[in-house]
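The values are calculated or read from the model by the stated rules, or taken from the named source; none is laboratory data. None of these values were measured; they are calculated from a predicted model. Glycine gets a Cβ as well: all are built from the backbone with ideal geometry, and neighbour counts include every protein chain shown. With ligands, DNA and RNA removed, areas are computed over all heavy atoms of the protein, side chains included. Shrake-Rupley method; radii C 1.70, N 1.55, O 1.52, S 1.80 Å.
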Protein chains: 2
Amino acid sequence: MKHILANLKISISKNLYLTDPNSSILGRNIILNSIEIIDEMGFEKFTFKKLGNTIESPEASIYRYFKNKNQLLTYLNSWYWSYMEYQLVFETTNIDSPEKRLEKAILLITSNSKEYIIDGINLAKIHKILIAESAKSYLTKDVDKINKEGAFQSYKQFVSRISEIIIEINPQYLYPQMLVTTIIEGAHLQSFFAEHLPRLTNKLNTPNYITTFYTNLAFLSIKDNK
Amino acid sequence: MKHILANLKISISKNLYLTDPNSSILGRNIILNSIEIIDEMGFEKFTFKKLGNTIESPEASIYRYFKNKNQLLTYLNSWYWSYMEYQLVFETTNIDSPEKRLEKAILLITSNSKEYIIDGINLAKIHKILIAESAKSYLTKDVDKINKEGAFQSYKQFVSRISEIIIEINPQYLYPQMLVTTIIEGAHLQSFFAEHLPRLTNKLNTPNYITTFYTNLAFLSIKDNK
DNA sequence: TCTTATATAATAGTATTACTATTATATTTG
DNA sequence: CAAATATAATAGTAATACTATTATATAAGA
């Protein structure tokens with residue numbers, strides 16, 4: 001598996017950049033270092049100027065790759081969900097039981113331990129960014145515009161794949177997408193709250209209690225509406 | 001009830017402003033018009049300059065009331081959750097059954113029809129803002145700092161009140177806060193998705209399907225862990 | 001009542017941010 | 001090897017977020 005991962009390249013829709021960051025050293029530097037800086041200082045304080053300083057290129061050169069920092073965040077988002085979809089497909093092939101596949105999917109969403117480095121990208125860090133910053137890429141007045149440009153396609157595709165598993169378990173179930181996004185955004189939120197606002201969540205000393213909670217929730221809802 | 005609402009003033013922690021906006025006409029103008037502008041153009045494009053223009057006061061005067069626009073958003077957030085807590089208490093007093101009280105609470109969270117104007121504030125609009133912008137007040141690197149200043153106290157208090165109802169229903173239940181925040185943020189998200197990213201949710205033609213979904217989810221989880 | 005203190009508002013700035021137009025330097029292709 | 005093209009660097013600008021200072025109104029005490 002590690003071998004396959006090492007050779008994997010994730011391809012991103014052409015609408016999400018001006019110049020493909022994978023096509024040059026500068027481009028790859030932009031991606032790699034933006035993850036570091038956003039992780040360090042948060043998306044609001046992240047600027048192309050600061051990024052330019054760390055990679056020792058003028059900010060204008062970064063603008064050749066991305067229209068603005070929101071587009072860069074959307075790119076990272078898209079990359080993350082494409083990677084997650086790949087992981088999902090990889091880990092669920094050859095498993096007949098849709099219940100088992102759903103369990104794997106929820107584990108994938110709720111687990112924080114992503115130790116791989118793929119495509120040069122540190123998965124743990126991009127996961128951490130996603131938890132804290134991803135909502136900002138759709139919670140904007142431009143959402144309809146960038147949606148048309150395909151900004152959320154990987155996310156939709158990932159959600160759709162899990163929804164299909166749910167429908168396999170219970171073809172009568174009415175809320176597959178609702179359930180999946182509730183789990184994804186809920187799990188992200190609980191991780192964030194556990195670290196910063198503990199009174200808004202419940203920290204149990206059971207390992208993977210977030211996984212347990214959402215797995216339970218999912219199966220209860222799916223089987224109840226049968 | 002309308003009479004009581006008309007006379008109600010919601011009091012906000014002194015840490016969430018520099019000068020109490022309720023203490024002057026300018027202050028009240030700041031609150032009322034900021035809601036309009038944020039609703040119209042989104043929080044990112046909202047500036048004190050623009051607000052100053054519409055209320056015909058220089059932006060520097062607004063800085064006397066709020067440190068920055070994030071503090072203003074936090075104030076609106078806090079106002080909203082204090083109001084929601086008031087509503088919750090009001091609507092659940094004299095109801096013995098904790099199940100019925102929880103139902104009322106979830107209806108309150110998930111319902112979009114808030115037609116009242118209280119304290120001069122248009123509830124429907126502040127609710128709409130909360131759906132799209134509230135996450136931005138905690139998804140920031142300053143979260144720990146502003147948390148210490150009490151920025152999220154009203155939210156925590158609201159969550160805590162509902163958690164207590166859940167514990168009444170099932171004293172063994174392990175995840176009351178997790179469940180409540182999952183419902184609150186999930187319901188907000190589904191409203192947003194229904195409007196902008198329909199493929200990420202399920203739009204049923206049943207009225208109040210979001211309420212139904214989360215009410216079901218809540219009771220299933222609470223009763224299962226008994 | 002008048003002076004003084006204090007609250008409040010307006011003026012006039014600055015540093016930073018987000019972005020663009022233009023020029024220079026590589027690299028590729030015929 | 002020249003021309004075309006891709007890429008990067010320079011040098012800006014308008015807008016944003018904020019502050020220091022000055023002016024004006026209001027309230028309190030003598």
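Just how large is the dipole of chain A about the Cα centre, in debye to the nearest 20, putting +1 at every Lys and Arg Cβ and -1 at every Asp and Glu Cβ?
With Lys and Arg at +1 and Asp and Glu at -1, about 300 debye.
Using Cα-only point scatterers and the Debye equation, what is log10 of I(q)/I(0) for the range B:17-60 at each q in 0.25, 0.27 Å⁻¹, rounded to two decimals? Debye output, listed in q order: -0.89, -1.00.
Helix B:176-196 and the longest principal axis of the C-alpha atoms of chain B enclose an angle of approximately 60°.
With R₀ set to 60 Å, the beta-carbon distance separating residue B:141 from residue B:104 gives a calculated FRET efficiency near 0.95. Helix A:98-110 and the longest principal axis of the Cα set of chain A meet at an angle near 40°.
Where only protein heavy atoms count, and the probe is 1.4 Å, what is the accessible area per residue for chain A in Å²?
Accessible surface, normalised per residue, equals 44 Å².
Whole-Hz Karplus values for the range A:156-163 come out as 4, 5, 4, 4, 4, 4, 6, 4 Hz, taken residue by residue from phi with 6.51 cos²θ - 1.76 cosθ + 1.60 and θ = phi - 60°; glycine and proline positions read x. When the Gaussian network model of chain A links Cα atoms closer than 10 Å, the mean-square fluctuations of A:151, A:60, A:105 top out at A:60. Using the Karplus relation 6.51 cos²θ - 1.76 cosθ + 1.60 with θ = phi - 60°, the per-residue 3J(HN,Hα) values for the range A:210-219 come to 5, 4, 4, 4, 6, 5, 3, 3, 4, 5 Hz, with x marking Gly and Pro. In the elastic network of chain B, a GNM with C-alpha springs shorter than 10 Å, the most mobile of B:39, B:20, B:144 is B:144. Which whole number in µm²/s is D for the range A:161-226 by Stokes-Einstein, with the Kirkwood Rh taken over Cα pairs at 25 °C and 0.890 mPa s? Translational diffusion coefficient: 192 µm²/s. Round to a whole number: what % of the accessible area of the protein assembly as shown belongs to carbon and sulfur, probe 1.4 Å? Carbon and sulfur atoms account for 51 percent of the accessible area of the protein assembly as shown. Sequence-ordered 3J(HN,Hα) estimates for the range B:66-72 from the Karplus curve with 6.51, -1.76 and 1.60 and θ = phi - 60° stand at 10, 3, 6, 5, 5, 5, 5 Hz, glycine and proline given as x. State whether the range B:79-174 is rounded, prolate or oblate according to the following rule on the C-alpha gyration tensor (a ≥ b ≥ c being the square roots of its eigenvalues): a/c under 1.5 gives rounded; otherwise a/b larger than b/c gives prolate, and the remaining case gives oblate. Oblate shape, in that a/c is at least 1.5 and b/c is the bigger or equal ratio. Summed over both chains, the area buried between B and A is near 4700 Å², taken from the accessible surface of protein heavy atoms with a 1.4 Å probe.
One equal scatterer on each Cα of the protein assembly as shown, no solvent, Debye formula: the resulting log10 I(q)/I(0) at q = 0.08, 0.12 Å⁻¹ is -0.49, -1.11. The mean count of C-beta atoms from other chains within 10 Å of the C-beta of residues in A:38-46, rounded to a whole number, is 2. The overall shape of the range A:111-226 is oblate: from the C-alpha gyration tensor, with semi-axes ordered a ≥ b ≥ c, the ratio a/c is 1.5 or greater and a/b is no larger than b/c. P(r) tail, the range A:2-224: Cα-Cα pairs separated by more than 31 Å, 24% of all pairs.
Ligands, DNA and RNA aside, residue A:41 has an accessible area near 50 Å² when probed at 1.4 Å. The mean number of Cβ atoms from other chains found within 10 Å of a Cβ in peptide B:141-150 is 2, as a whole number.
Build a GNM of chain A with springs between Cα atoms under 10 Å apart, and of A:145, A:104, A:203 the one that fluctuates most is A:145. With contacts taken as Cα pairs under 8 Å and at least 6 residues apart, chain B reaches a relative contact order of 22 percent. Size check on the range A:1-125: the Cα extents along the three principal axes, sorted descending, read 53, 27, 25 Å.
Note on A:123-134: average number of Cβ atoms from other chains within 10 Å of each residue's Cβ is 1.
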